[in-house]
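Have a look at the structure below, then the notes.
The values are calculated or read from the model by the stated rules, or taken from the named source; none is laboratory data. None of these values were measured; they are calculated from a predicted model. Note that we place each Cβ from the backbone using ideal geometry, even for glycine, and neighbour counts take in every protein chain shown. Quick note on the areas: whole protein, heavy atoms, side chains included, nothing else; ligands and nucleic acids left out. Shrake-Rupley method; radii C 1.70, N 1.55, O 1.52, S 1.80 Å.
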Amino acid sequence: MIQNSIILFIIGTVIGSFLNVLIYRIPIGKDFISGRSSCPKCYKVIPWYGLFPVFSYVFQRGKCLFCKEKISIQYPVIETISGLIFVGTSMFLYSPFLSIPDLTYWLFYIAIIEITLLLFVIDLKHFILPDSLVLSLLVAFGAYYLTTQILGISPDYVQSSLTIQNRLLGSLVIGGALFLLWFLSKGRALGFGDVKLMSVLGIIFGLKGGIIIFYMAMFIGLIVGLFLIFFKQADLKTKVPFGTFIGLSVLTYIFFYNQIISYVNFLILRAFTTV
Ligand SMILES: [Zn+2]
C-alpha cells in the first residue's frame, strides 16, 4: 500500500515537471514536444542530473547549476502538488491498482485534474486559458467515454447520472448564457476563454454540474476578491483570473461530489416544498 503511494508520488512529480515545461512554453507559443529544457537566463541545456523533480531543486539549493540564477519556487511546488494529486486521487477517488474500471476512472480524473492545474497556473500568471488545454479536457473526456463504451464499463459515480442530451444541454445553456454575458459586458465580466472552458465543462459534468461549478467559482472568486481588497492587495478594477477560480471549483466538485450534490438536492427540495 505504502509502496504504491510512493510509486504514484514519484510518477506524479515527473508529470509535474512536464507541467512546468508546459506552463513555461504554452503561453509563449513554443513547441512543447521537442527540444530539451534549458535555463531561461543563461540558456544552457539542463543536464540529466538536474532533471529530477523536487530533488534537483533541493540539491542545487534553488539555483541554476551554471549561472547561479535563482530557479522559481514554482518548479518544486508544482511537482510536489502533482505528486500529491496522484496519491490523493488514488486514496480518495479511485485506486489505479484495483481493477480495470477503477484504473479507467482514475486515469480520467488524473487527466482532468492535471489539465485543470495547468489552466489554474497559466490563467493566474498570464490571464489566458489556452485553447489547446481547454480542448485537451474534451479529448480526455472523449477517451474516457470511448473506453467505457468499448470495455463495457459502467461510468463512475460523477458521470453515471449524465446522458448525452444532458451534456449537450449543459454545454448549450451554460455556454450560451456566458457568451451573452461576455458579449453584453464587452468582455469585462469574463473572458472568452472562460466561456469556452465552461462550455466544455458543461459537456463533462452536465447541466447541473456545470451550473454548480460556475456558481462555486464565482463564490470562491468573491471570497478571494474581498480578502484581497481587505488587505489592500486589489481594488474593484483589478483583473481577476476567473479560470483559476473555475479550476479550484472543478477540483472541489470532483473531490466532494457526494456532499455537494446532496446539499444542492436538499436546497432544491426545500425551495419547492416551501413555495
Ligand atoms: Zn542558468
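Say R0 is 30 Å: what FRET efficiency, to the nearest 0.05, do K125 and F66 get from their beta-carbon distance?
Efficiency, from the Cβ-Cβ distance: 0.75.
Using the Kirkwood radius over C-alpha pairs as Rh, can you work out the diffusion coefficient of the chain via Stokes-Einstein at 4 °C, viscosity 1.567 mPa s, in µm² per second?
For these conditions, the coefficient is 63 µm²/s.
Ranked from the most accessible area to the least, with a 1.4 Å probe and all protein chains present, what is the order of I150, I6, I46?
Order by accessible area, largest first: I150, I6, I46.
Any idea what the relative contact order of the chain is, in percent, if you count C-alpha pairs under 8 Å spaced at least 6 apart?
Relative contact order here is 16 percent.
Ordered by packing density, taken as the mean number of other Cβ atoms within 10 Å over each peptide's residues, highest first, how do 218-224, 78-84 rank?
Highest mean packing first, the order is 78-84, 218-224.
Which ³J(HN,Hα) values in Hz, rounded to whole numbers, follow from the phi angles of segment 126-133 under the Karplus curve 6.51 cos²θ - 1.76 cosθ + 1.60, where θ = phi - 60° and Gly and Pro get x?
10, 6, 9, 10, x, 3, 4, 6
Count charges around G202 for me, please; just the other residues with Cβ under 11 Å from its Cβ, Lys/Arg as +1, Asp/Glu as -1.
Local charge sum for G202: +3.
Which of the peptides 128-135, 158-165, 189-196 is most tightly packed, and how do the rest follow, going by the mean number of other Cβ atoms within 10 Å of each residue?
Going from most to least packed, we get 189-196, 128-135, 158-165.
I want to make sure I understand the PRE zone here: with the label point 7 angstrom from the Cα of L135 toward its beta carbon, which residues in segment 200-217 have backbone N atoms less than 18 Å away?
Inside the label zone: 200-201, 203-204.
Mind grabbing the accessible area of S5 for me, 1.4 Å probe, Å², rounded to tens?
Only protein atoms counted, so the area is about 30 Å².
What is the distance, in nm, between label points placed 7 Å from the Cα along the Cα-to-Cβ direction at F266 and at K186?
Result for the modelled spin labels: 4.5 nm.
Quick one: Karplus J couplings for segment 94-103, per residue in order, coefficients 6.51, -1.76, 1.60, θ = phi - 60°, nearest Hz, x for Gly and Pro?
Once θ is set to phi - 60°, the couplings for segment 94-103 become 9, 8, x, 9, 7, 7, 4, x, 4, 4 Hz.
Ignoring ligands and nucleic acids, what accessible area does W182 show with a 1.4 Å probe (Å², nearest 10)?
70
Past 29 Å, Cα to Cα: identify those pairs from K44/K232; K41/K186; K30/K70, in the order given.
Where the Cα-Cα span goes over 29 Å, the pairs concerned are K44/K232; K41/K186.
Compute, for the chain, the length of the dipole vector about the Cα centre, with Cβ point charges of +1 (Lys, Arg) and -1 (Asp, Glu) only. Units Debye, rounded to 20.
920
Under a point spin-label approximation (7 Å from Cα along Cα-to-Cβ), what is the A143-S38 distance to one decimal in nm?
3.0
Between the alpha-carbon centers of segment 143-209 and segment 220-243, tell me the distance in whole angstrom.
26
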